[in-house]
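In what follows, a single structure is set out as structure tokens and then discussed.
The values are calculated or read from the model by the stated rules, or taken from the named source; none is laboratory data. Every value quoted in this text rests on a predicted model; they were computed, and no experiment measured them. Quick reminder, even Gly has a Cβ in these numbers, built from the backbone with ideal geometry, and neighbours come from all protein chains shown.
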Amino acid sequence: MTRRVLSAEIKHETNTFSCHPTGLKEYREELLAFGADALALARGTNTEVAGFIEAAKELDWELDHVVSASAQPGGRVTSEALNAALQPILERLRAAQEPYDGIILALHGAMVAECDDDSEGKILREIRAETGDAMPIAVSLDLHANVSVEMCRLADIMVSYATNPHVDMRETGAKAARLLDRMMKGEISPRVVLARCPMLEEVDGARTDTPRMAARLAALRDYEHRDDVFAASINGAMAWADTAHTGPTVVITCQGDLAAHRAFAEEIARDIWNGREASNNDFLTPREAAECAAAWSDPRKPLVINEYADNPGGGAYGDATALLAALLEADCKDACFGPLYDPQSVARLSGHRPGDMVELALGGKTDPGFGGGPLPCRGMLVSLHDGQYRIRGKMMNGVAMSFGPTAVLRVEGIDILVVSVRCQIFDGEQFRAFGIEPEKKRVVALKSMDHFRADFTPIAGRIVTCDSGALCSPSYRNYPFTRVRRPIHPLDAVESPKFA
């Protein structure tokens, strides 16, 4: 029996402290496609929608994909942008000549729109208003989701990535789809139970290469072997979203003894809480990181510096200059740095030819209070590009992306990748496509929290992490939180933690 399944993708990871709202322009820069066009872009890639496609073929579904919408992390999503993705789904449901057997959605889990702090809850609520409670709905989530009670009430199946860096996106989508198929056949009657931690985020941002997180994930995999447990996930949270449901969660899709499943979820949540001070990250100042770079002398592999705080993948502006300034002051040669978001400088450089020497104030134009202001420098224009590249590494393999108009500027021995569209570095191809070979550099400085590790750990002689004071700094007390649940760690002393 062929089953009709509606699918869609609506994603955003929102940093509510960003001064830049995320609108239709930002979605169009990354991904806003409909129907067959969206499926064509996803096919063969490491994405959840590719997992939906794979499972649909295997399970003999008629897959009706409505929309794929994704934008770079940034400020609150405008109502216009959210409606541009959501309304086509609602219209398709209203216009359907034949009923759907199920719905599968690729969501992030940390979207915050202008109109609703719990945007995924809103998406599910409006879909449920069209379909009723009996419609099977499966959801895939990012491991950094801030999962709300409403999301768990409205979804029947919830599956999150189990890796950070996220190399299992396709696998996650396919897993959610196979569970949906079982529900549509009447083999299972799943519910979603939730445990929460009174913290802003898991101590290491839910890095899954740490021993403690690896042990938690192993416990979840063991728990999934039970006949009445179908998926068990940890969501490490997006800390820079000021909402009432921000924080790490444990989510289990299950049936049977829900109280027992919830007790297990709370046990894992308690372990996350107990490890709240045991970070594996050692944050260096820009000067300390630059000193490491100046001293690095291994001819075989580069020193990799990840500028954690200016990660565009967490909604940071991507134009902080404090680390770059420190590297220049330390006379760091044979290095690369990027991406530095500065469309104004790219536009100016576009008026020159490769080989020209140019003086300009680089980066720091959004808010100098977050990671440093414009950096006066003189450098040689190495090359100009349209910014197009395709991911070759494990994370998002096969996905075509763009930095927009892009320039490579060499300043005192540092090749700087200057871009017009914000995006973190998580793949070596994001340098190589523009003539920079990171494995041949002495020092590689990049803007990313953790996703770079999938592709850069194999080439790195050492990795050091820098807190440049930009918008994703782990110094949480510097942010004006007003909506998170209180008390919450590390903003407050939490004497009697609750995990329900």
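Suppose we filter region 386-401 for residues that are surrounded by 19 or more Cβ atoms within 10 Å (Cβ to Cβ) and either more than 17 Å from the chain's Cα centre (by Cα) or hydroxyl-bearing (Ser, Thr, Tyr) (or both); how many remain?
2
Looking for whichever is assigned by TED's automatic domain parsing to the domain that holds THR321, closer than 21 Å to PRO73 by Cβ and either of a type in the set (D, E, K, R) or in contact with a His (Cβ under 8 Å, 6 or more places away or on another chain) (or both) here; the options are ARG422, ARG462. Which one fits?
Being assigned by TED's automatic domain parsing to the domain that holds THR321, closer than 21 Å to PRO73 by Cβ and either of a type in the set (D, E, K, R) or in contact with a His (Cβ under 8 Å, 6 or more places away or on another chain) (or both) holds for just one of ARG422, ARG462, which is ARG422.
From the list ALA320, ALA244, which one is over 19 Å from the mean Cα position of the chain (by Cα) and either outside the structural domain of ARG76 (by TED's automatic domain parsing) or acidic (Asp, Glu) (or both)?
Residue meeting the stated conditions: ALA320.
Could you tell me whether ARG196 is in contact (Cβ under 8 Å) with a residue 12 or more places away in the chain, closer than 21 Å to VAL250 by Cβ and charged (D, E, K, R)?
Yes.
Could you grab the pairs with beta carbons closer than 7 Å, sequence gap of 6+ or different chains, first residue in region 289-309 and in the same structural domain as VAL443 (by TED's automatic domain parsing), second one of a type in the set (S, T, N, Q)?
ASN306/SER448; ASN306/THR465; GLU307/SER468; TYR308/THR465; ALA309/SER468; ALA309/SER473
Which of the strands (runs of 3 or more DSSP E) contained wholly in region 82-195 include at least 1 residues that are polar (S, T, N, Q) and either farther than 26 Å from ALA260 by Cβ or at pLDDT 95 or above (or both)?
Result: 137-141, 157-160.
What are the pairs, 6+ residues apart or on separate chains, where a residue within region 14-30 that is at positive phi has its Cβ under 6 Å from a residue that is surrounded by fewer than 20 Cβ atoms within 10 Å (Cβ to Cβ) and part of a loop (DSSP other than H, G, I, E, B)?
none
Yes/no per residue for (1) under 18 Å from ALA293 (Cα atoms); (2) free of Cβ contacts under 8 Å to residues at least 24 places away in the same chain:
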| residue | (1), (2) |
| --- | --- |
| ALA433 | no, no |
| ALA445 | yes, no |
| HIS451 | no, no |
| ALA454 | no, no |
| PRO458 | no, yes |
| CYS472 | no, no |
| ARG477 | no, yes |
| ALA493 | no, yes |
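Quick check on my filter: what residues within region 247-259 are over 21 Å from CYS472 (Cα atoms) and under 21 Å from the mean Cα position of the chain (by Cα)? It would help to see each step written out before you state the result.
Of all residues in region 247-259, those over 21 Å from CYS472 (Cα atoms) come to 250-259.
Within region 247-259, VAL250, VAL251 meet the criteria.
Yes or no: ASP228 over 26 Å from GLY398 (Cβ atoms) and either outside the structural domain of PHE452 (by TED's automatic domain parsing) or surrounded by 21 or more Cβ atoms within 10 Å (Cβ to Cβ) (or both)?
yes
Considering (1) buried (at least 22 other Cβ atoms within 10 Å of the Cβ); (2) of a type outside the set (Lys, Arg); (3) in contact with a Lys or Arg (Cβ under 7 Å, 6 or more places away or on another chain); (4) within 30 Å of SER18 (Cα to Cα), say which one ILE268 fails and leave the rest.
Failing condition for ILE268: (4).
So ASN280 clears everything in (1) among the polar types (S, T, N, Q); (2) touching a Leu at 6+ places or on another chain (Cβ under 6 Å); (3) surrounded by fewer than 24 Cβ atoms within 10 Å (Cβ to Cβ) except one condition, right? Which one?
Every listed condition holds for ASN280 apart from (2).
I'd like to check something: does region 254-262 contain any residue that is touching a strand residue (DSSP E or B) at 6+ places or on another chain (Cβ under 9 Å), crowded, with 19+ Cβ neighbours inside 10 Å and farther than 27 Å from ASP227 by Cβ?
No, that holds for no residue.
Condition first: touching a strand residue (DSSP E or B) at 6+ places or on another chain (Cβ under 7 Å), under 24 Å from ALA55 (Cβ atoms), of a type in the set (Asp, Glu) and in the same structural domain as THR47 (by TED's automatic domain parsing). Can you find one or more residues in region 123-140 that meet it?
no
Identify the single condition in (1) crowded, with 19+ Cβ neighbours inside 10 Å; (2) within 18 Å of the chain's Cα centre (by Cα); (3) free of Cβ contacts under 8 Å to residues at least 40 places away in the same chain that ILE53 does not satisfy, given that it satisfies every other one.
(2)
Looking at region 338-360 only, could you name the residues that are surrounded by fewer than 22 Cβ atoms within 10 Å (Cβ to Cβ) and outside any helix (DSSP H, G or I)?
Residues satisfying the conditions are SER350, GLY351, HIS352, ARG353, PRO354, GLY355, ASP356, MET357, VAL358, GLU359, LEU360.
Hey, can you tell me all the residues within region 436-450 that are more than 13 Å from GLY338 (Cβ to Cβ) and either buried (at least 24 other Cβ atoms within 10 Å of the Cβ) or touching an Asp or Glu at 6+ places or on another chain (Cβ under 6 Å) (or both)?
ARG442, MET449, ASP450
Which condition from (1) under 30 Å from GLU114 (Cβ atoms); (2) in contact with an Asp or Glu (Cβ under 8 Å, 6 or more places away or on another chain); (3) part of a strand (DSSP E or B) is the one that SER233 breaks?
(2)
Output the residues belonging to region 269-312 that are part of a helix (DSSP H, G or I) and over 14 Å from GLY469 (Cα atoms). Walk me through how you get there before you give the answer.
Step one: filter region 269-312 for residues part of a helix (DSSP H, G or I), giving 269-274, 286-295, 308-310, 312.
If the condition is that a residue be part of a helix (DSSP H, G or I) and over 14 Å from GLY469 (Cα atoms), then ALA269, ARG270, ASP271, ILE272, TRP273, ASN274, ALA290, GLU291, CYS292, ALA293, ALA294, ALA295 are the ones that fit.
Counting only residues that are among the acidic types (Asp, Glu) and touching a residue at least 40 places away in the same chain (Cβ under 8 Å), which one in region 121-149 is farthest from PRO21 (Cα to Cα)?
GLU130
Being closer than 23 Å to THR243 by Cβ and not β-branched (Val, Ile, Thr) narrows it down to one residue among LEU93, LEU86; which is it?
Only one candidate passes the filter, namely LEU86.
Quick one: ASP209 ticks every box in (1) assigned to a strand (DSSP E or B); (2) at pLDDT below 95 except a single one, so which number is it?
With (1) assigned to a strand (DSSP E or B); (2) at pLDDT below 95 applied to ASP209, the lone miss is (1).
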